[in-house]
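Undergrad: One structure coming up, written as structure tokens, with questions to follow.
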Amino acid sequence: IASIVPISSWVGFEISLIQAELDKILASDSDPDIKTTGFTVFLETIKYRYYCIYMLMLMPLLIASGRDFGPMLIAERRTKVYGRTDGGPGAALNAEGEVLKSNNTPSEDTPCKWWNMVFPIVMLVVYIFYLLAYTGDDGSGSQSFVDKMQNADAYSALLWGTMAAALTAVGFYLIQDKHMDRIIFFNVKGYISRAKRGFASLKNKFRRTPDQDENTEGEEEVHARVLMSYSEAMTSFLLGMEKIFGAIVVLTLAWASGAIMSAVGLDRFFGEILKSDALDYRMLPTLSFIIAMIIAFATGTSWGTMTIMFPLVLVPSYEASGGNANIFYGV
């Protein structure tokens, strides 16, 4: 899904790599037979992503049949037969060798409702598509929605759309109160009561006795409380950023590996091989898939594979095929 749907960070990174190679093509050919923006090229390549489409078909098939294979079958048997719940050999471990535990789980008194997950995701999609249309609007008023998508600034749409969705999620959680395993929306009485208690607490701050503190804490347990306070939301946001720090390091190293490959001339060397008369250019989509698979297994990073492969194959495949759009999109 991440490599097909145009609202993921994966696709945003991929579009930036495609655009870099398109700029090289446009420098030598001002009127190519292919699309000239990274986003539109990405849209054209979706129909050639057979592996991704196959996996999307395979998952419902496995779910419907109730069958697994490979490592998932082994993990399923360990859970069903032996009752393993510790993650087994594949569990993520910390520096002390203990199983990693999430520090971002809801408190025990928080009701887990489906809409608190679905609503932010829906808003993320809405924001990103709106911003794609907004950034792709040339002001003429004659553009179709597809035209706006083709001219959109995908990077800005993903960046601002993600931030808007995060802030919307915080606001959505702030308008919900939790009380006795129930969710109360727009609890106006609760807001007024909370304000009165806060004012009274501030008023009596310097003349409160320890006994009064204990009574107040007991009273607070009876009242409805906000589903996620502002401080809790910010803490969760920072914990989430900590989770993706490793991915950011991988992404940085992926950029570095791609730059190194170009610096040592591997793209030019590979280009000479692809443009050789001994190689049929119609084999380039299949050949690029096999090479990408080998690099992915060798490096262990899909981001790094993209960074290495795009400079190696896009421009050479365009030149070797004589600007054939189907070959270029297939590669």
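The values are calculated or read from the model by the stated rules, or taken from the named source; none is laboratory data. Given the structure is predicted, the values throughout are model-derived calculations rather than measurements. Cβ sites come from the backbone with ideal geometry, for glycine too, and all protein chains shown count toward neighbours. Surface areas here come from the heavy atoms of the whole protein model, side chains and all, with no ligands, DNA or RNA. Shrake-Rupley method; radii C 1.70, N 1.55, O 1.52, S 1.80 Å.
Undergrad: Which pairs turn up if I take residues in region 220-249 that are open to solvent by 40 Å² or more (accessible area, probe 1.4 Å) and look for partners that are at pLDDT 85 or above and among the aromatic types (Phe, Trp, Tyr) with beta carbon separation below 7 Å, at least 6 apart in sequence or on another chain?
TA: MET228/TYR173
Undergrad: Which one of these does GLY83 not meet: (1) out of contact with any helix residue (DSSP H, G or I) (no Cβ under 9 Å at 6 or more places or on another chain); (2) modelled with pLDDT of 85 or more?
TA: Of everything listed in (1) out of contact with any helix residue (DSSP H, G or I) (no Cβ under 9 Å at 6 or more places or on another chain); (2) modelled with pLDDT of 85 or more, GLY83 misses just condition (2).
Undergrad: Separate question: What helices (runs of 4 or more DSSP H) completely inside region 110-216 contain at least 3 residues that are more than 30 Å from THR40 (Cβ to Cβ) and at pLDDT 85 or above? Spell out how you get there, then give the answer.
TA: Details: elements: 115-135, 145-150, 154-174, 188-203.
The helices (runs of 4 or more DSSP H) meeting that bar are 115-135, 154-174.
Undergrad: Residues of region 292-310 being over 16 Å from SER3 (Cβ atoms) and in contact with a Gly (Cβ under 6 Å, 6 or more places away or on another chain), which ones?
TA: Of everything in region 292-310, just one residue is over 16 Å from SER3 (Cβ atoms) and in contact with a Gly (Cβ under 6 Å, 6 or more places away or on another chain), namely ILE308.
Undergrad: I'd like to verify a number: residues in region 268-291 that are open to solvent by less than 30 Å² (accessible area, probe 1.4 Å), out of contact with any Gly (no Cβ under 9 Å at 6 or more places or on another chain) and under 20 Å from GLN19 (Cα atoms), how many? Spell out how you get there, then give the answer.
TA: Within region 268-291, the subset open to solvent by less than 30 Å² (accessible area, probe 1.4 Å) is 271, 274, 284, 288.
Now drop any that are not out of contact with any Gly (no Cβ under 9 Å at 6 or more places or on another chain), which leaves 271, 274.
Checking which are under 20 Å from GLN19 (Cα atoms) leaves us with 271.
Residues meeting the conditions: 1.
Undergrad: For the list (1) under 21 Å from GLN19 (Cβ atoms); (2) open to solvent by 70 Å² or more (accessible area, probe 1.4 Å), I need the number of the one condition that GLY161 fails.
TA: (2)
Undergrad: Let me ask something else about it. Looking at region 52-88 only, could you name the residues that are in contact (Cβ under 8 Å) with a residue 12 or more places away in the chain and within 21 Å of the chain's Cα centre (by Cα)?
TA: Applying the first criterion (in contact (Cβ under 8 Å) with a residue 12 or more places away in the chain) to region 52-88 yields 52-53, 56, 71, 75, 86-88.
Those that are in contact (Cβ under 8 Å) with a residue 12 or more places away in the chain and within 21 Å of the chain's Cα centre (by Cα): CYS52, ILE53, LEU56.
Undergrad: Give me the residue from region 107-126 that is without any contact (Cβ under 8 Å) to a residue 12 or more places away in the chain and aromatic (Phe, Trp, Tyr) and, out of that set, surrounded by the fewest Cβ atoms within 10 Å (Cβ to Cβ).
TA: Looking at residues that are without any contact (Cβ under 8 Å) to a residue 12 or more places away in the chain and aromatic (Phe, Trp, Tyr), I get TRP114.
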